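Visitor: Have a look at the structure that comes next, please.
No lab work stands behind these numbers, since they all come straight from the coordinates. Only a predicted model underlies this, so the values are computations on that prediction, with no experimental measurement involved. Every residue, glycine as well, gets a Cβ built from its backbone with ideal geometry; the counts of neighbours run over all protein chains shown.
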Amino acid sequence: MAKGLRRSFTILVAGLVLGLVLGPIAPQAYGQEMPKVNRQYLIEPFVTSDIPKEAVVNVYVVTIPPGAESGWHSHDSSKPGGPGPAIAYFMEGTATIEEKQPDGSITTKVLGPGSVYWESGITHNGKNLGNTPVTVFVIRFDMPK
């Protein structure tokens, strides 16, 4: 990850943490009414049994340069130490996600900024067919080794 992007991301995370910790306290300390919290779902809530009961949680940013691809892979929570289910939030650029269906056919999805992709079980390949990098924020749940 580029130094500037890493620094910006670190500042963003630090700001979010401080806001979550101090935000609810500050207005009350000054006798002000607390503002209402707004929640916007990025994907509809869903139930899954794919996440291991004891999981190694990985949080990272993936950058796919123009013309690059992730390679075919899957996220299988039954394989110790392997990549488990993941939630990918697309921050920049546009990616083409190819998915291998059970019947052997390939389907594609085009995902851009603000899109969310649930990676679990299905074999897939992420491609950057554009001219700018694709940046994806990922939270992955691996089974311990």
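Visitor: For K127, give me every one of the lysines with a C-alpha distance below 16 angstrom, ignoring sequence neighbours fewer than eight places off in its own chain.
Guide: Reachable lysines: K100, K109.
Visitor: Follow-up. May I ask for the net charge around S74, where only other residues with Cβ less than 12 Å from the Cβ of S74 are counted and Lys, Arg are +1 while Asp, Glu are -1?
Guide: On the way: positive: K79, K100; negative: D50, D76, E99, E119.
Taking every other residue near S74 into account, the sum is -2.
Visitor: Shifting gears a bit: Rounded to whole Å and ordered largest first, report the semi-axes of the equivalent ellipsoid of region 51-142 derived from its Cα gyration tensor (root of 5λ).
Guide: Ellipsoid semi-axes (Å, largest first): 22, 17, 10.
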